[in-house]
Amino acid sequence: MLELREVHAAYGHVTALRGVSLEVRAGEIVALLGANGAGKSTTLRLVSGLVHPAQGAVTFEGRPIHRLPPEAIIRLGIAHVPEGRRVFPGLTVRENMRLGAVIRRDAIGIAADMDRMLALFPDLRRLERALGWTLSGGQQQMLAIARGLMARPRLLLMDEPSLGLAPILVQSVFRTVEQINREFGTTVLLVEQNASMALGIAARGYVLETGRVVLAGAAGELLRDPEVREAYLGGRRKERGAVDRNPAR
Ligand SMILES: Nc1ncnc2c1ncn2[C@@H]1O[C@H](COP(=O)(O)OP(=O)(O)OP(=O)(O)O)[C@@H](O)[C@H]1O
Ligand SMILES: [Mg+2]
C-alpha cells in the first residue's frame, strides 16, 4: 500500500533521513520506533507531503506521491495525526472534528461519520460543545484521532499518540488504535517511543536510528530482539515537556 524507497530528507543543512526504505501493507499496523531525533516524525511528514525528499521515492497504492502537496495526499486517503495533537484550543470538539472533513463534500457521509466517531469516543460525545483547551491530554489525543478519521483515510499516520499520557490512558489509546484497524479496516503507520505497547498491537516494526532503518521485522521477533530490548524496552522515555495540563477529569 505504502512504500518508501531509499528516501533522503533534510531541513536545510540538517540531514534527517539517510536512505530510508520501508513498506506498509494494506490492513496492517506497522510500528516505527526510534529514539529522539531518529527521524520518525520526518518520515510521517514525508508521507503526508509536509516534507519533500531530496532523493528517493514514496509510492501509495503504486503511484508516486512525494511531489504532491498535503491536500492532494489527504484526498488520496492518507491522514496524519501529528505529534502534540494540535487541537484548536478556541474551537469546540465538534468543530475540531469537522475540520478533519474539510476535503469532503458528502454532507450525509460526514454527519454519519461524526456519529460514528462520537460512538467510538464516548468522552467526546459528552464534551461535544466544550472548547479544545478545556480537554485533558487524553481527551485531546482522542479528538486528534477522531479528526484524522473524519477524512475517511485508508492509511492513518499517527505520531506518538501515547506521549505524555498517564499509563491507564496509554492503554486506552493503544486499544483504540487496534479497534480502528479492526473495525474500520484502516491501515496504520504508528510512530512510538513506547516500543513494547506499539509492538504489542503491530504486525511488523522498523527501528530508526539517526535517519536509517537499523532493524526491521515481525513485531514478535523485534520484541524478543536483545538490541531492541536493551535500547527501547528498558523504560527509556522522552524527557521533553510531556505534561498533561488537565489530568483526569
Ligand atoms: N523543523 C526542523 N528544522 C530543522 N531540523 C529539524 C526539524 N525537524 C526535525 N529536525 C531534525 O531532524 C532530525 C529528525 O527529527 P524528527 O523530528 O524526525 O525525529 P523524531 O524521531 O520524530 O524525534 P522525536 O522522538 O524527538 O519526536 C533531528 O536531527 C531533528 O533535530
Ligand atoms: Mg517526532
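Things worth noting here:
- Along region 157-171 the Karplus relation, 6.51 cos²θ - 1.76 cosθ + 1.60 evaluated at θ = phi - 60°, assigns HN-Hα couplings of 9, 10, 9, 6, x, 8, 4, x, 9, 4, x, 5, 6, 4, 4 Hz to successive residues, with x for each Gly and Pro.
- When both region 100-145 and region 13-84 are represented by their alpha-carbon centers, they are found 25 Å apart.
- Within the chain: Cβ-based charge dipole about Cα centre, in debye rounded to nearest 20 (Lys, Arg +1; Asp, Glu -1): 580
- Here the contact order of the chain, divided by its residue count and restricted to Cα pairs under 8 Å and six or more residues apart, works out to 26 percent.
- The three principal axes of the C-alpha atoms in region 1-132 carry coordinate ranges of 45, 31, 25 Å, sorted with the longest axis first.
- Magnitude of the charge dipole, region 185-227, Cβ model with Lys/Arg +1 and Asp/Glu -1, debye to 20: 100
- Chain lengthening between residue 119 and residue 105 when straightened (0.36 nm per residue, less Cα-Cα): 2.8 nm
- Bridge type composition, region 74-210 - antiparallel percent by DSSP, nearest 5: 10
- Per-bin percent of Cα-Cα distances, the chain [5 Å]: 1, 6, 14, 18, 20, 17, 13, 7, 3, 0, 0
- In nm, spacing of pseudo-spin labels at residue 214 and residue 129 (7 Å Cα→C-beta vector): 5.3
- Helix 107-120 axis, angle to the chain major axis (alpha carbon atoms, nearest 10°): 80
- Total charge dipole magnitude, region 103-168, about the Cα centre, Cβ charges on Lys, Arg, Asp, Glu only, Debye to nearest 20: 220
- Residue 54/residue 171 FRET efficiency (R0 41 Å; Cβ-Cβ; nearest 0.05): 0.60
No lab work stands behind these numbers, since they all come straight from the coordinates. This is a predicted model, so every value here is computed, not measured. Cβ sites come from the backbone with ideal geometry, for glycine too, and all protein chains shown count toward neighbours.
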